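Before any comments, here is the structure.
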Amino acid sequence: NAGVTQTPKFRVLKTGQSMTLLCAQDMNHEYMYWYRQDPGMGLRLIHYSVGEGTTAKGEVPDGYNVSRLKKQNFLLGLESAAPSQTSVYFCASSFGSGGATDTQYFGPGTRLTVL
Amino acid sequence: AQSVTQLGSHVSVSEGALVLLRCNYSSSVPPYLFWYVQYPNQGLQLLLKYTSAATLVKGINGFEAEFKKSETSFHLTKPSAHMSDAAEYFCAVTVNTNAGKSTFGDGTTLTVKP
């Protein structure tokens with residue numbers, strides 16, 4: 001099993017450009033999450049999904065959109081990138097059946113720089 | 001809403017010394033608590049978790065943590081540090097009413113000196 005994979009690993013954008021980050025998991029997990037990690041601020045939840053076709057806002061959703069058309073994939077989009085979106089982005093997934101006790105499995109991250 | 005506070009953004013110990021990383025939580029409902037470790041340029045991976053079955057939880061790599069409700073704490077310990085323990089450690093809390101969403105602390109970077 002590959003677990004959770006993220007594409008791309010690195011990306012540099014100019015202000016105003018758009019891009020999509022892809023997260024894929026092969027563990028048949030129901031729940032998927034997108035986080036951003038900034039120095040000294042831990043992980044902050046951007047958006048999450050509790051099943052195919054569903055999405056919901058997290059703590060810091062502004063400037064991002066997501067889609068979960070297939071159970072195994074969770075896409076994060078930036079429509080008009082801003083320097084404040086420079087960060088490391090992590091995708092995670094969990095079974096969902098255990099709810100709050102489920103372990104989250106993380107991808108290796110995408111390092112995004114917006115100039 | 002739930003929250004966690006990790007005391008000390010940087011902790012430095014000598015190889016072979018006790019490791020103690022502190023985590024305090026706040027929650028109005030029973031919490032579930034996690035410790036994750038992040039090695040450089042990698043994603044987070046689970047060290048251990050408290051799910052109300054036992055207050056002393058043992059995890060991977062010799063780490064353990066004790067849930068203390070009276071102190072609202074879930075500190076992470078390891079009796080003897082190894083160089084390979086150098087990493088960033090995150091405490092996280094979830095509750096049953098929150099669709100499995102975790103709230104993470106700001107992280108503690110552990111340095112191990114030879």
*Got a number for residues in region A:60-104 being more than 24 Å from A:K14 (Cα to Cα), under 12 Å from the mean Cα position of the chain (by Cα) and within 13 Å of chain B (Cβ to nearest Cβ)?*
2
*What are the pairs, 6+ residues apart or on separate chains, where a residue within region B:94-114 that is more than 18 Å from B:S52 (Cα to Cα) has its Cβ under 6 Å from a residue that is modelled with pLDDT of 95 or more and among the basic types (K, R)?*
none
*asked:* Please list, ordered by residue number, the strands (runs of 3 or more DSSP E) wholly in region A:37-115 having 2 or more residues that are of a type in the set (S, T, N, Q), surrounded by fewer than 14 Cβ atoms within 10 Å (Cβ to Cβ) and touching a residue at least 12 places away in the same chain (Cβ under 8 Å).
replied: none
_Can you tell me which of (1) of a type outside the set (V, I, T); (2) more than 20 Å from B:P79 (Cα to Cα); (3) in contact with an Asp or Glu (Cβ under 8 Å, 6 or more places away or on another chain) is the one B:L48 doesn't meet?_
(2)
*Would you mind stating whether B:A54 is part of a strand (DSSP E or B), small (G, A, S) and more than 20 Å from A:A92 (Cβ to Cβ)?*
no
_A:L21 of a type in the set (A, V, I, L, M), within 10 Å of chain B (Cβ to nearest Cβ) and assigned to a strand (DSSP E or B)_ = no
_Residue count, region B:16-44 (criterion: outside any strand (DSSP E or B), closer than 15 Å to B:A86 by Cβ and more than 14 Å from chain A (Cβ to nearest Cβ))_ = 2
_Given the criterion in a strand (DSSP E or B), closer than 25 Å to A:S93 by Cβ and in contact with a strand residue (DSSP E or B) (Cβ under 7 Å, 6 or more places away or on another chain), identify the matching residue among B:V93, B:V13, B:V112._
B:V93
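The values are calculated or read from the model by the stated rules, or taken from the named source; none is laboratory data. For clarity, every value in this text was computed on a predicted model and none was experimentally measured. Every residue, glycine among them, receives a Cβ derived from its backbone with ideal geometry; neighbour counts consider all protein chains shown.
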